[in-house]
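These notes are about the structure you will find just below.
The values are calculated or read from the model by the stated rules, or taken from the named source; none is laboratory data. Values in this document were obtained by computation on a predicted structure and should not be read as measured data. Backbone-built Cβ (ideal geometry, glycine too); neighbour counts: all protein chains shown. Protein only, heavy atoms only, side chains kept; ligands, DNA and RNA dropped before computing areas. Shrake-Rupley method; radii C 1.70, N 1.55, O 1.52, S 1.80 Å.
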Amino acid sequence: MKAHTSWTLWQIMNSKHPSYSRPLGQQRLVRVLHIVENPRTAFWFFRSLHKQTEAQCTLTSIGDTQQAADKLHHQHFDAVFVHIGAQLACHLADIALLKHWASHAAIVAIVHDTDEYTHPQYIDALLEAGIDDYIKAEDINTPLLPRLVTYTVERKKANLRLAAITQQDSTTGLTNRSEFLRLCEAQLANHYAPSRNTAILLIDLDQFKNINDTQGHSTGDKFLHHVAARLKKSIRQSDTIARLGGDEFVVMLPDMPDIESIQRIAKNLLDTLSQASNIDGRNLFTTASIGISMLSEKNESCELLLQNADIAMYSAKQQGGNRYAFFTRNLQVAASLRISLETELNKAIANNDFFLTYQPQINVQTGDLYGAEVLLRWNHAEHGEVPPTTFIPTLESTGLIGPVTDWIIRNAISQWQQWIQAGHIKTSQHLSINLSPKTLGHPDFKAALLDLRTLPTEQKKRIHFEITENLFIDPENNIDNLKFIKECGFQLSMDDFGTGYSCLSYLKHFPLDCIKLDCEFTRDIINNPVDLAITQAVINLSQDLHIDLIAEGVENEQTLTQLKAMGCKLIQGYFYSKPLKSSAFQEYCQHLKSC
């Protein structure tokens, strides 16, 4: 049925009933939408509203809910009256749709006098579906109607004001998570079109924790507010932006013409967020990782899209951050495997499935054991020994690296002491234990060090904690932890020397006792003159600074001979031995002593 003509009650009241006239500037205009099939009913409602209401209002009558959707999309209404009853346009299921289309309007049901539609249970169902109030059809021509219009519209405005408080993030002023989910579901329910794209962009700030830790949470909150303002300026008016919590934001991009348009927006957001923010006279920097998921089916939920965007965001962050990534099924499989791996790792900790291996480090001048590097291994009940490259990153990302490192330290040092007491190794020989950057500052790690302070001083001097140059990305947060290691009497070694950040600068500022030259340089010194020159320079540097140097990854006699000729004294690699289990390492030490 076609829409009826819109009747403006204010215009009629002015022309026919001057006594009802109100200057527009003194009273707010109330806009009413009336959904009704029968033109006679529409006119009857118009007359009743005209007769009973003295407020300034306009009345627009429309034929059905689909036509109402178009009206509500283009015009603002304060109240929507819809008829409920036998053979009438609006059914119970339509109420929920009206709730989406008219989120800022009060929805009032006109219930006709039949047993089914005036039953209290049915009224409850209408209220649950989303109406704000109801009126029986026979009460339309009574003073109840004007009071209902005034009351429901004012109550709706009050509820909206309350919602603005409860649905807004207090730090940034953006929409919060719960309200974003509601808006997102409404968008997906009403605007799905296969020819257009709806995208969810999940934005996570890289290294924001450093700002909170170094500048304080008050500065961090100001920074988040600044980020929110930048994001709002970088998107369209039709887009929806929210803060999910912490340093996570989300943007919904509806009605996008193609993937390239989404990519352009993502790149623009990355560029915007990488610029300096001046907070209280300080220039603060951060980048972002963005995960993008696309609406592919009409029945997809916003929660699912957020979950997929989170998977994609994790991929972007794993690649170094400051980039975006689209969700793919392969990423979903990887995420499922990662979750499964987390579960298995928790079981491994509980079942004591981890074990330690020791790779010998040899003094090539004397042929004696200099020490050993302890390495973590996992013996999976079903899959056997799992490569450390598979599970170490997951230990780090889940925070399990803390308790696992504590277990490594306590068991490795206990084993080392047993070997010293049994005479298998000497007190002067060194034990090296790897530390993840995420281990530093962990309560378990500090507790372990405090417990070990009772070890003999000479023994502590032979225990090296190996750090990597990646730790120096954030030196301010780590320097105190490194000093704590030294204060406890232990040694510091830098692993993978030459592959990370500003290594020469930190040799000057950090009291390192040993550096380990990465196999990236030693592997091809026979054939590559550049690797040869770098290796010789590092050897010379270590000698001038009186720092021990261990060349890693030595696998053949040619490389060993070349390193010895260049003045390298300490070697670690498969040429001498692979990492060995405890019993095999003990036999290796006995063999060295007998040679």
Within region 160-171, restricting to residues that are open to solvent by 80 Å² or more (accessible area, probe 1.4 Å) and polar (S, T, N, Q), the one that is farthest from residue 78 (Cα to Cα) is 170
Of the residues that make up region 234-242, is at least one at pLDDT 90 or above, surrounded by fewer than 18 Cβ atoms within 10 Å (Cβ to Cβ) and among the polar types (S, T, N, Q)?
-> yes
Residues in region 270-301 that are surrounded by fewer than 22 Cβ atoms within 10 Å (Cβ to Cβ) and farther than 21 Å from residue 206 by Cβ total 9
Per the list (1) of a type in the set (Gly, Ala, Ser); (2) closer than 20 Å to residue 368 by Cβ; (3) assigned to a helix (DSSP H, G or I), residue check on residue 397 breaks on (2)
Scanning region 367-394 residue by residue, the ones that are part of a strand (DSSP E or B) and closer than 17 Å to residue 406 by Cα total 6
Considering region 497-531, residues that are open to solvent by 50 Å² or more (accessible area, probe 1.4 Å) and in contact with a strand residue (DSSP E or B) (Cβ under 9 Å, 6 or more places away or on another chain), and then whichever is modelled with the highest pLDDT, we arrive at 520
Checked pairs for region 209-228, first among the hydroxyl-bearing types (Ser, Thr, Tyr), second surrounded by 15 or more Cβ atoms within 10 Å (Cβ to Cβ) and in a helix (DSSP H, G or I), C-beta under 9 Å and 6 or more apart or across chains, list as 214/477; 219/211; 219/212
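Residues are listed down the side, and each one gets a yes or a no for (1) more than 33 Å from the chain's Cα centre (by Cα); (2) surrounded by 12 or more Cβ atoms within 10 Å (Cβ to Cβ); (3) touching a residue at least 24 places away in the same chain (Cβ under 8 Å):
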| residue | (1), (2), (3) |
| --- | --- |
| 344 | no, yes, yes |
| 359 | yes, yes, yes |
| 364 | yes, yes, yes |
| 367 | yes, no, yes |
| 372 | yes, yes, yes |
| 379 | no, yes, yes |
| 382 | no, no, no |
Selection over region 45-82 where residues are assigned to a helix (DSSP H, G or I), at pLDDT 80 or above and either more than 43 Å from the chain's Cα centre (by Cα) or hydrophobic (A, V, I, L, M, F, W, C) (or both) yields a count of 5
Note: among 451, 480, just one is surrounded by fewer than 16 Cβ atoms within 10 Å (Cβ to Cβ), part of a helix (DSSP H, G or I) and at pLDDT below 80, namely 480
If we ask which residues in region 420-448 are closer than 18 Å to residue 481 by Cα and either modelled with pLDDT of 90 or more or aliphatic (A, V, I, L, M) (or both), their number turns out to be 7
Just one listed residue, out of 394, 427, is under 27 Å from residue 517 (Cα atoms), surrounded by 17 or more Cβ atoms within 10 Å (Cβ to Cβ) and of a type in the set (Ser, Thr, Tyr), and it is 394
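Under the condition of being among the polar types (S, T, N, Q) and in contact with an Asp or Glu (Cβ under 9 Å, 6 or more places away or on another chain), which residue from region 116-162 is farthest from residue 175 (Cα to Cα)?
152
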Picked from region 302-340 (must be among the basic types (Lys, Arg) and closer than 24 Å to residue 207 by Cβ), the residue most open to solvent (accessible area, probe 1.4 Å) is 323
Q. Being over 30 Å from residue 122 (Cβ atoms), of a type in the set (Phe, Trp, Tyr) and out of contact with any strand residue (DSSP E or B) (no Cβ under 7 Å at 6 or more places or on another chain), is that true of even one residue in region 171-193?
A. yes
How many residues of region 397-419 are under 23 Å from the mean Cα position of the chain (by Cα), open to solvent by 40 Å² or more (accessible area, probe 1.4 Å) and modelled with pLDDT of 85 or more? The answer is 0
Of 544, 518, 513, 548, the only residue that is touching a Cys at 6+ places or on another chain (Cβ under 7 Å), under 23 Å from residue 464 (Cβ atoms) and of a type in the set (D, E, K, R) is 548
A careful count of residues in region 512-557 that are touching a helix residue (DSSP H, G or I) at 6+ places or on another chain (Cβ under 6 Å) and among the basic types (Lys, Arg) gives 0
